[in-house]
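A short write-up of the structure that comes next.
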């Protein structure tokens, strides 16, 4: 097991690299990884020379969504504890969304579930040609409630109503077509493509970048268009669905490697 689920570094240019570091489970998120992202954002927020944040995943995959073993460990806890877990996950995504400087995500391999929300919250997304995406929550009787605003911003409600309902997998070119990623490059060129984008960002005025990002968010569904009360409702719905009977069946089907039986019938 990785000792530190999130690594970060800051170079002399003010470019931070935040690395999801649970490669043994394809960087699936649990409470420790979520806390690690928040801690990294806290520490980087104290750095006066911070200019750009690059987000990447260690290993073959960028981020495989929620660790379902962790989800199963959270489910039996109290409603308050489940809501706290959903709120922390939401806050990790929202911190990327509201960070007053550019964020760049570099995606290779799998990017599932919450991972799609993470990249939707980033300003620029570059995918390797082996990247594979899916908004998977419904497959396990869960919902993507806390990342729906970011997904709608990124790909539009029409695409969300397809991909979040089917849970289907789609490749890098389809992700570019619908707006989930900006560029697709060969896997071997992913880091170089990210470096070129960072150079473009560093050539621009930091205050102008921050104001431009803020103004863009103010007109978005995932920005000023959803107030604190609406976000609190999304967090509550996300946590309640985790504790539902349907989620229990969906997660059991994953653990038992079988098709889920929805509503007493065969899926």
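Each value in this text was obtained by applying a stated rule to the coordinates, not by laboratory testing. Keep in mind that what you see is a predicted model, and the values were worked out from it rather than measured. Using ideal geometry, Cβ is built from the backbone for each residue, glycine included, and neighbour counts are taken over all protein chains shown.
Values for this structure:
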| item | result |
| --- | --- |
| Among 203, 35, 247, residue whose mean-square fluctuation peaks in a GNM of the chain (springs only between Cα atoms under 10 Å) | 203 |
| Share of alpha-carbon pairs per 5 Å distance bin for the stretch 109-203, given as whole % | 3, 14, 25, 25, 16, 10, 5, 2, 0, 0 |
| Distance between the stretch 180-254 and the stretch 139-174 - C-alpha centres, whole angstrom | 12 |
| Cα point-scatterer Debye curve for the chain, base-10 log of I(q)/I(0) at q = 0.07, 0.10, 0.12, 0.13 Å⁻¹ | -0.23, -0.48, -0.70, -0.83 |
| Pairs of alpha carbons in the stretch 94-142 whose separation is greater than 18 Å (percent) | 34 |
| Modelled FRET efficiency - R0 25 Å, residue 244 with residue 88, Cβ distances, 0.05 increments | 0.80 |
| Relative contact order (%) - the stretch 6-218, alpha-carbon pairs under 8 angstrom, separation at least six | 19 |
| Alpha-carbon Rg/Rh ratio, for the stretch 48-105, with Rh computed the Kirkwood way | 1.08 |
| Choice from 218, 43, 189 showing the highest fluctuation, given a GNM over the chain with Cα pairs closer than 10 Å | 43 |
| Chain lengthening between residue 187 and residue 79 when straightened (0.36 nm per residue, less Cα-Cα) | 34.7 nm |
| Per residue Cα convex hull volume in Å³ - calculated over the stretch 1-142 | 109 |
| The stretch 154-214, Cα convex hull volume normalised per residue, Å³ | 102 |
| The chain: angle of helix 79-98 to the longest principal axis, Cα-based, in degrees nearest 10 | 30 |
| Helix axis angle, 228-242 relative to the chain longest principal axis, alpha carbon, degrees | 40 |
| Beta bridges per DSSP with both ends in the chain, % antiparallel, nearest 5 | 25 |
| Square roots of 5 times each gyration tensor eigenvalue, C-alpha, the stretch 190-258, largest first, Å | 39, 23, 7 |
| Extension reserve of the residue 257-residue 216 stretch, reckoned as 0.36 nm per residue once the Cα distance is removed | 10.4 nm |
